[in-house]
Structure formats: structure tokens, C-alpha cells
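Q: Below you'll find the structure I mean.
The values are calculated or read from the model by the stated rules, or taken from the named source; none is laboratory data. Bear in mind the structure is a predicted one, so any value in this text is a computation, not a measurement. Cβ: placed from backbone, ideal geometry, glycine included. Neighbour counts: every protein chain shown. SASA here: full protein model, heavy atoms, side chains in, ligands and nucleic acids out. Shrake-Rupley method; radii C 1.70, N 1.55, O 1.52, S 1.80 Å.
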Amino acid sequence: NNNNKDDYNQQDNGESTDEFTNDVPVIRGRNRKRSEPPLPTIKFLDGTKYKRCDDGSGLIVKKKSSKKLRQEAMTDLNSLKNNNNNNNNNNNDNENISDNPQLERFKEIERVIFTIAEALETPEKYEEIKRECKILEKESLGDLEVVLSDLFEKTIGTNSKTTRLLRALKQSVIMIAVYHIKYNVTGTLLTRDVLSSAGWQIIINISDPIITVSHLKREQSLATDDPNNYFWYEWRLNMTFDMNVEQLHSCGLRIVDLWLNKNMSEEQCNKLNKIFCHGNLLIC
């Protein structure tokens with residue numbers, strides 16, 4: 001774990017990034033202020049479908065990260081781009097989305113809802129949700145929080161399978177894990193969030209008869225610390241549910257990785273390896 005991973009040794013600048021992680025393109029939000037909490041990257045591991053990024057720069061692949069699948073996805077992406085170049089209406093739609101931050105944000109949320117609803121709800125319910133979302137896209141969204149609240153109350157359902165699974169993605173869920181790590185592992189060792197796409201990933205695996213939700217979170221040393229002592233560590237919270245998302249079958253928290261600057265002093269290196277068990281520590 002004390003290898004030089006140059007791809008990860010980047011100082012956080014608060015800007016969004018698009019990158020490939022294990023051959024899976026990861027699309028992040030844009031123009032986020034540093035004062036805002038880090039946004040998660042959500043990836044699905046069921047099926048082989050993929051979806052375009054808003055600006056056409058990448059894909060979110062929902063299944064295996066194989067080289068073949070990536071090549072097929074990129075081939076289809078090029079085909080989609082060519083079709084859009086020949087279709088002025090589609091181009092105008094993309095321009096309208098870019099000019100409307102509320103609509104762009106709504107479509108990002110909509111894609112997550114569609115993927116979960118397609119996997120868990122009945123075909124009739126899924127089509128109803130899609131139909132209502134498409135209607136909302138054409139209307140003035142106004143207060144997005146109010147719009148989404150109405151969507152869940154009137155169409156999706158506040159206790160539907162989709163809603164129950166979405167509750168497992170909330171930031172409040174990981175705060176319990178953060179408490180255990182700060183209290184039982186790091187103690188007085190202060191760290192900060194990593195705001196790049198590797199900072200917070202949520203991986204959803206829907207595979208009958210279980211659903212697995214994994215929060216993968218990365219934290220790094222403070223910006224005021226000696227650059228030679230820069231490090232980051234990564235922890236993972238795994239939750240396993242039944243297909244109705246009514247029972248939590250299991251839950252686990254562990255440190256899964258640790259990266260140390262190659263110029264770090266041996267004393268500091270030994271100290272961090274002891275705290276984080278060389279990046280392989282079962283917490284609970």
C-alpha cells in the first residue's frame with residue numbers, strides 16, 4: 001500500500017473531474033463550490049445498459065468493467081454523437097439543458113431514479129414514473145426540492161422499493177460510519193474530504209435475491225500539513241438488503257486502502273500503518 005500511485009496523489013482543487021475507474025467512466029457534478037459537501041458518484045452493477053453524460057463526454061456503465069464492454073460502449077457513444085450532429089432538435093435540447101442548471105440537476109437525479117425503479121418496480125410503475133418525469137422536464141421546475149417531494153409523494157411513493165433504496169444513499173447514513181472511524185481509529189488525527197470523483201462513490205449491486213449498497217469514502221491529510229507527510233486512506237461501508245428493501249441482512253465497515261507519500265519519514269509512516277493496519281482494518 002506504500003506504492004507511488006500517481007493517479008491518486010493530486011491536491012484537491014474543488015473542481016469536478018471525469019475519469020475512468022476500472023474501465024468504468026465516472027461522471028461528476030460540475031462547478032461545485034468548495035464549501036459544499038462532496039457529492040457521491042453513483043454506479044450500478046446490474047445489467048449491461050449505459051447512459052450518456054449531459055455533455056456527451058462519457059458514459060455511466062452499469063455492469064462489468066471489461067475492456068470489451070468499454071469498447072462497445074464507446075462505439076455506441078460515437079454513433080450517438082454522430083446522430084446528434086445530424087439532428088438540430090437534439091442539439092437544441094442539449095443547449096437548453098446546459099442553460100438550465102435546475103433541469104440539468106433534475107435529469108441527473110432522474111437517471112438514478114429510473115435505473116432503480118426499472119430494477120425494482122413493476123413495468124407499469126416504472127412507466128408511470130418515467131411519464132411523470134418527462135412531463136416535469138417540460139415544465140418550469142421552480143423549487144427543485146418541492147418538485148421532487150411532490151414526485152415521491154404522488155407518483156413514486158414514499159414507501160416504495162425505489163424510495164427505500166434511495167434512503168440508503170443519504171449522507172446521514174455514512175455519518176454513523178464516520179463517527180466509528182473518528183472515535184475508534186483516527187482519534188486526534190485530523191483529515192479532510194477528498195473532493196475529486198474518488199472522494200465518495202456509491203456502488204449499487206442489484207442481484208436477486210439481495211441488493212448490496214457500498215459507500216466508498218476517501219479522506220486525506222490536512223492542507224496545512226507538511227507535503228512530505230501527505231496521505232490518504234479509504235474506507236468502505238457495505239449494506240446488504242433483501243429485494244424488497246425491507247430488511248437489512250448485514251452491515252460492515254472497514255478500512256480498505258492507505259496511500260503514503262514516498263518522502264514521508266519512517267517514523268510517520270510506521271505511525272500511520274499502525275493506525276490504519278496498512279490499509280486493511282476491519283472496524284465492525
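Q: Using the Cα gyration tensor of region 98-203, with a ≥ b ≥ c the square roots of its eigenvalues, what is the shape: rounded (a/c below 1.5), prolate (a/b larger than b/c) or oblate (neither)?
A: Prolate shape, in that a/c is at least 1.5 and a/b is the bigger ratio.
Q: On to the next question. Let me cross-check residue 109: its accessible surface, 1.4 Å probe, with only protein heavy atoms counted, in Å² to the nearest 10?
A: Roughly 50 Å² of residue 109 is accessible to a 1.4 Å probe.
Q: Largest first, how would 257, 150, 143, 208 line up by accessible area (1.4 Å probe)?
A: Order by accessible area, largest first: 208, 143, 150, 257.
Q: For a Förster distance of 25 Å, can you work out the FRET efficiency between the beta-carbons of residue 100 and residue 146, rounded to the nearest 0.05?
A: In this case the efficiency is close to 0.90.
Q: Would you mind pulling out the separation of the Cα centroids of region 119-153 and region 198-248, in Å?
A: If we compute the Cα centre of each part, the gap is 28 Å.
Q: What figure in square angstrom, to the nearest 10, would you give for the accessible area of residue 167 with a 1.4 Å probe?
A: The accessible area of residue 167 comes to roughly 110 Å².
Q: Now for a different question. Quick check: pseudo-label points 7 Å beyond the Cα along Cα→Cβ at residue 269 and residue 167, how many nm apart are they?
A: Calculated label separation equals 4.8 nm.
Q: Using a 1.4 Å probe and ignoring any ligands, DNA or RNA, find the accessible area of residue 207 and quote it in Å² to the nearest 10.
A: My reading of the accessible area for residue 207 is about 60 Å².
Q: Also, quick follow-up: Could you state the accessible area per residue of region 235-284 in Å², with a 1.4 Å probe and every protein chain left in place? List each step's numbers first, then the result.
A: Working: 2800 Å² over 50 residues.
With the other protein chains kept in place, region 235-284 gives 56 Å² per residue.
Q: At 0.36 nm per residue, and after removing the present C-alpha to C-alpha distance, how many nm does the segment from residue 132 to residue 178 gain when stretched out fully?
A: Details: separation 46, 0.36 × 46 = 16.56 nm, distance 3.68 nm.
Contour length minus Cα-Cα distance gives 12.9 nm.
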